[in-house]
Amino acid sequence: MKEAFFRQRVIQGSFILAALILIIKVGELQIFDQSLKERATNVTLRKKTVYPFRGMIFDRNEKLLVVNKPSYELNLTYNEMDPKMDTLKFCQLLDITVDDFNTYLDKDWKDFRFNKSVPFVFAKQISPETFGKFQEHLHEFPGFESVFRSIRSYPHKNAAHVLGYLGEVTPLDIKKNPEKYKSGDYTGKTGLEKQYDDQLRGAKGLSFVLRDNLGREVGSLNEGELDSSAVSGSDLISSLDLDLQQYGEYLFSNKRGSAVAIEPATGEILAMISAPNYDPNDLIISRKRGDTFLKLTQDTIDKPFIDRAIMAKYPPGSIFKPVMALAALQENIINRSKRQTCNGSYAVTTTGFSQGCRDHPSPVTLTSALQYSCNSYFYQTMRDFLEKEGYTKPGVGLDELKDYLAEFGIGNKLGVDNSHEHSGFFPGAKYFDDIFNPQGWKWRAPNILSIGIGQGEIELTTLQMANIAAVIANRGHYYTPHLIKSFADNALEIPEKYRTKNETSIDKKHYDLVIQGLHQVVSAGTGYSAFVPGLDICGKTGTSQNTSGNRIDHSVFMAFAPKDNPKIAIAVFVENAGGGSAVACPLASLMIEKYLTGEAKREYLENRILEIDLLNKT
């Protein structure tokens, strides 16, 4: 009993002794040794985000299209700010007004993005020169800390719609991806910047910084053992050929319209032009961007902010005829030798349908019908296709035609790596049933024959027109058009859908016959202004009827070259420029010549195109 009592006293004594030692040590540190107190008073620990460099963007020949340049931001922890700070001096150093200062400081503290104890972005886009001057006085303004960022810059003023631009993340972005985005982060808003944001963005790093009571950085925690480095984003090699893009934009000076050039063998987009355009440097992250953005969006005449290559939808005109011919050949509705008489017009006496045609030799076969762009031949072909199951069942034929066209990417989005792509439109039987049936009418083939020559309800984007040229150039297949060629480090593959061949169900022999006709178009037909000795260009002119505005028709041309083993397929659409042979045809041929030979040698033709000013025609 005495031994147990003794052991209990020994244990209690040990605890008391240990407690006394700790109390003495704490007293020594807090009362006698002032160093710890001074360190706690003078040094604070702050987590600091290290932002990565965004991946750069190159053209297919590794010419720089998008680079990074340094920029600075100021973050502010509101609760640490000195209310007696010299605001006027602060503003003078930072080159802002007092009104700017108050605006930057005015935050909705009920918003989940802001907290008075957490740093927020106070000022952005501070130039290195301004920040260098300000940095020397930063210690005078407690609560403020510097953040190094990089923003985009563009060595060339081309391809704005393709490249896209960056913008600050929205509250919705943060809510959807809280692990990816924080307030003040930038993300791609359009174009390649948006499509490949995850790959270009990189990964943030983190550093633990010790700061003195004046806000000056005095070192890193544990010599940086806990820090993590930022990881730069992947560099992107685009499919664009900068020289071709620049030349195409040059030819589109003072015009409205678009052009798309594709490498048929891969689906890689060599040029994607929308005019009028804007300089991508106009939308770099800067204090002036808001005014520039507003000016671009409020221009309702030229609409430079709209990417006409993938967003504008037009009747394709006669460039639709080769596709109509291919579907009809596959269905045995026409053949190599079938002839059609054309006396300058086509009429259906039972319905009163009557449309004119151009002056050309008659009768015509398929190849000469393409060569001279004979409307009569394709009106009849359209009618025969629609009535393949009988006069009273045109919807059956129309839906079969729609299925063939879908194989060319007509009527649907192609899937280009740009989220703003529109689908175009091709009507099926239900579309006309919904129009005619409520009125008690039965629609028949003559009601919609204009579709057979690319007019009426059909609408395509310029990208879809170029893809038609690529399908024909490849004799029946295409790769989904895309703007990415590769990533520079080869660690990432381009999406599989851009490496997958899309086949049509039309026999190759039919393509050979149509291509013969397209070759005749350029060598001795409506597209002769595109002829270049030795380039073996195949193409088709088109006139897209304009039923609104000034009613001046649109000029259309699609082509590929050379005829065998083609290297480029192209479609050009020039608004309010008249017939296809007038502007679109020679413009496209100049771009083809530039790409295949490295130089457009027909200076007289180039000058004629450049002298055409269509911006005053609305």
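The values are calculated or read from the model by the stated rules, or taken from the named source; none is laboratory data. Quantities reported herein were computed from a predicted structural model and do not represent experimental measurements. Backbone-built Cβ (ideal geometry, glycine too); neighbour counts: all protein chains shown.
Of the residues screened, residue 515 is not one that is closer than 24 Å to residue 417 by Cβ and either surrounded by fewer than 24 Cβ atoms within 10 Å (Cβ to Cβ) or not assigned by TED's automatic domain parsing to the domain that holds residue 413 (or both).
The residue that is surrounded by the most Cβ atoms within 10 Å (Cβ to Cβ), among those in the range 226-258 that are in contact with a Gly (Cβ under 7 Å, 6 or more places away or on another chain) and outside any loop (DSSP other than H, G, I, E, B), is 236.
Filtered by the rule that a residue be part of a helix (DSSP H, G or I), acidic (Asp, Glu) and farther than 19 Å from residue 117 by Cα, the range 75-102 gives 99, 100. Looking only at residues that are surrounded by fewer than 24 Cβ atoms within 10 Å (Cβ to Cβ), over 14 Å from residue 394 (Cα atoms) and in contact with a helix residue (DSSP H, G or I) (Cβ under 6 Å, 6 or more places away or on another chain) in the range 425-471, which one is modelled with the lowest pLDDT? Looking at the filtered set, the residue picked out is 456.
Scanning the range 359-396 for residues that are surrounded by 15 or more Cβ atoms within 10 Å (Cβ to Cβ) and not in a helix (DSSP H, G or I) returns 360, 362, 363, 364, 365, 373, 374, 387, 388, 393.
Note on the range 360-411: residues that are over 18 Å from residue 457 (Cβ atoms) and without any contact (Cβ under 8 Å) to a residue 24 or more places away in the chain total 6.
Residue 497 passes every criterion in (1) touching a Ser or Thr at 6+ places or on another chain (Cβ under 8 Å); (2) part of a strand (DSSP E or B) apart from (2).
Total residues in the range 591-607 satisfying the condition of being closer than 16 Å to residue 574 by Cβ, surrounded by fewer than 22 Cβ atoms within 10 Å (Cβ to Cβ) and of a type in the set (A, V, I, L, M, F, W, C): the figure is 1. If you check 317, 267, 257, 248 for being touching a Pro at 6+ places or on another chain (Cβ under 9 Å) and in the same structural domain as residue 598 (by TED's automatic domain parsing), only one passes: 267. Of all residues in the range 149-187, those satisfying the criterion of being out of contact with any helix residue (DSSP H, G or I) (no Cβ under 9 Å at 6 or more places or on another chain) and assigned to a strand (DSSP E or B) are 149, 150, 151, 168. Which of (1) out of contact with any helix residue (DSSP H, G or I) (no Cβ under 7 Å at 6 or more places or on another chain); (2) farther than 24 Å from residue 574 by Cβ; (3) in contact (Cβ under 8 Å) with a residue 12 or more places away in the chain; (4) not in a loop (DSSP other than H, G, I, E, B) does residue 290 not meet, given it meets every other one? Evaluating residue 290 over (1) out of contact with any helix residue (DSSP H, G or I) (no Cβ under 7 Å at 6 or more places or on another chain); (2) farther than 24 Å from residue 574 by Cβ; (3) in contact (Cβ under 8 Å) with a residue 12 or more places away in the chain; (4) not in a loop (DSSP other than H, G, I, E, B) leaves (3) as the failure. Of all residues in the range 110-139, those that are closer than 30 Å to residue 175 by Cβ have Cβ atoms under 7 Å from Cβ atoms of residues that are among the acidic types (Asp, Glu), 6 or more apart or on another chain, in 114/108; 119/145; 121/73; 123/73; 124/73; 126/73. Filter the range 139-192 down to residues that are among the β-branched types (Val, Ile, Thr) and within 16 Å of the chain's Cα centre (by Cα), then give me how many there are. Going through the range 139-192 one residue at a time, the tally reaches 3.
Each row is one residue, and each column tells you yes or no for (1) buried (at least 17 other Cβ atoms within 10 Å of the Cβ); (2) not assigned by TED's automatic domain parsing to the domain that holds residue 77.
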site: 152; (1), (2): yes, no
site: 166; (1), (2): yes, yes
site: 171; (1), (2): no, yes
site: 177; (1), (2): no, yes
site: 181; (1), (2): yes, yes
site: 184; (1), (2): yes, yes
site: 192; (1), (2): yes, yes
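On the given criteria, is residue 456 in contact with a strand residue (DSSP E or B) (Cβ under 8 Å, 6 or more places away or on another chain) and part of a loop (DSSP other than H, G, I, E, B)? Criteria not met by residue 456.
Residues considered: 214, 166, 210, 226. Of these, the only one that is at pLDDT below 95 and out of contact with any strand residue (DSSP E or B) (no Cβ under 9 Å at 6 or more places or on another chain) is 214. Residues in the range 22-74 that are assigned to a helix (DSSP H, G or I) and either modelled with pLDDT of 60 or more or under 25 Å from the mean Cα position of the chain (by Cα) (or both): 23, 24.
When only residues in the range 501-519 that are assigned to a helix (DSSP H, G or I) and basic (Lys, Arg) count, which is farthest from the chain's Cα centre (by Cα)? The residue in question is 509.
Among the residues making up the range 349-358, those that are in a loop (DSSP other than H, G, I, E, B) and at negative phi are 349, 350, 351, 357, 358. For the range 266-286, filtering for residues that are in contact with a helix residue (DSSP H, G or I) (Cβ under 9 Å, 6 or more places away or on another chain) and assigned to a loop (DSSP other than H, G, I, E, B) leaves 6. Being surrounded by 11 or more Cβ atoms within 10 Å (Cβ to Cβ), out of contact with any Pro (no Cβ under 6 Å at 6 or more places or on another chain) and under 16 Å from residue 262 (Cβ atoms) narrows it down to one of 565, 502, so name that one. 502 is the lone residue from the list that is surrounded by 11 or more Cβ atoms within 10 Å (Cβ to Cβ), out of contact with any Pro (no Cβ under 6 Å at 6 or more places or on another chain) and under 16 Å from residue 262 (Cβ atoms). A Cβ distance below 7 Å, combined with a sequence gap of six or more or placement on separate chains, defines the contacts here; from the range 435-460, residues that are in contact (Cβ under 8 Å) with a residue 12 or more places away in the chain reach residues that are among the hydroxyl-bearing types (Ser, Thr, Tyr) and not in a helix (DSSP H, G or I) in the pairs 444/391; 446/351; 459/314; 460/314. Filtered by the rule that a residue be part of a loop (DSSP other than H, G, I, E, B), of a type in the set (A, V, I, L, M) and under 29 Å from residue 452 (Cβ atoms), the range 299-325 gives 309, 310, 311, 312.
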